[in-house]
Amino acid sequence: MNLFTERARPYLLVCCLSALLGVLPAEDLAHWKLEEGSGQVVRNLAGDDEAVLGFDATEEAQDPQWTAQGWQGRPALYFDGASLVSAPPLKARVIEDLTVECRAYLDKGKIGTLVRMNGMFCLDVFPGKEGLLLRFVVWPREVPDKPVSAEAPIAVLPLKEWARIAGVYEQASGKVTLYVDGKEVARNEAGAGGVFTDPRMSVAIGASSGGAAEGSLARGWVGMISEVRLSGAALAPAGFLPEQ
């Protein structure tokens with residue numbers, strides 16, 4: 001028996017099992033820690049394309065405000081419902097599976113966007129027939145007329161507390177799953193599947209940008225956001241942003 005194969009077998013087994021469970025580090029498409037504490041720029045830990053407060057790097061009315069009262073006493077950005085962070089388009093040419101994560105603090109129970117890429121995905125608080133919903137919705141480019149979303153009553157999101165919110169999309173099945181603090185709160189397995197091709201739209205954090213007028217925004221978040229991560233994999237909870 002080949003000695004290398006014999007010695008490598010346990011390691012290979014662990015790697016295979018870890019990959020199946022979604023706990024191996026996935027390639028981050030983008031990762032913004034909103035912890036600079038000052039200035040107009042937010043660094044992307046997964047690349048050199050920075051995000052900016054407001055619509056550009058100049059000070060403007062749509063800038064969120066830095067606060068020292070963030071998660072675990074770290075800096076964070078406070079969004080007042082009329083502010084956002086603008087990030088450039090993702091560099092990936094094709095995205096199959098997708099995980100969108102936020103570490104956020106809901107100050108008021110109202111409609112608000114955590115993170116959105118127009119025509120691709122949105123993680124937000126949205127009005128439902130019986131009240132507000134926490135929602136993760138995707139629009140795969142192959143089937144853009146068939147969006148699929150996972151939705152849960154807003155009560156799953158604690159008010160005036162920090163929470164880790166994650167939306168996961170599996171392209172092979174079209175399944176969309178929504179998590180709060182690592183616990184599944186909603187699932188939709190009725191999606192048609194499909195991949196995202198050439199995702200060249202910009203990313204908005206804290207509001208939905210665009211609309212009738214250039215430079216406009218809507219559905220602004222009221223509260224704090226300290227971290228946003230986009231991963232090109234359908235992560236399991238063990239692979240989410242850490243609790244501590």
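Selection of the range 193-218 for residues being among the small types (Gly, Ala, Ser) and modelled with pLDDT under 70 yields Gly210, Gly211, Ala212, Ala213, Gly215, Ser216. Among the residues of the range 84-107, is there at least one that is modelled with pLDDT under 95 and aromatic (Phe, Trp, Tyr)? No: the range 84-107 contains no residue that is modelled with pLDDT under 95 and aromatic (Phe, Trp, Tyr).
One residue stands out in the range 43-69 among those that are within 20 Å of Gly220 (Cβ to Cβ) and among the acidic types (Asp, Glu): the one that is surrounded by the most Cβ atoms within 10 Å (Cβ to Cβ), namely Asp63. For Ala238, the criteria (1) surrounded by fewer than 20 Cβ atoms within 10 Å (Cβ to Cβ); (2) modelled with pLDDT of 80 or more; (3) touching an Asp or Glu at 6+ places or on another chain (Cβ under 9 Å) hold in every case but one, which is (3).
Report whether or not Gly194 is part of a loop (DSSP other than H, G, I, E, B) and of a type in the set (Gly, Ala, Ser). Here the answer is yes, as Gly194 does meet what is asked. Test of understanding: among Asp56, Asp49, which residue is in a loop (DSSP other than H, G, I, E, B), free of Cβ contacts under 8 Å to residues at least 40 places away in the same chain and among the charged types (D, E, K, R)? After applying the criteria, what remains is Asp56.
Need the failing condition index for Ala186 against (1) among the small types (Gly, Ala, Ser); (2) open to solvent by less than 60 Å² (accessible area, probe 1.4 Å); (3) modelled with pLDDT under 95, just the number. Failing condition for Ala186: (3). When Val156, Val115, Val137, Val176 are checked against the criterion of being among the aliphatic types (A, V, I, L, M) and over 14 Å from the mean Cα position of the chain (by Cα), a single residue qualifies: Val156.
The values are calculated or read from the model by the stated rules, or taken from the named source; none is laboratory data. Quick caveat: nothing in here was measured; it's all calculated off a predicted structure. Because the Cβ atoms are built from the backbone with ideal geometry, glycine has one as well, and the counts that use them run over all protein chains shown. In case anyone asks, the SASA skips ligands and DNA or RNA and just uses the protein heavy atoms, side chains included. Shrake-Rupley method; radii C 1.70, N 1.55, O 1.52, S 1.80 Å.
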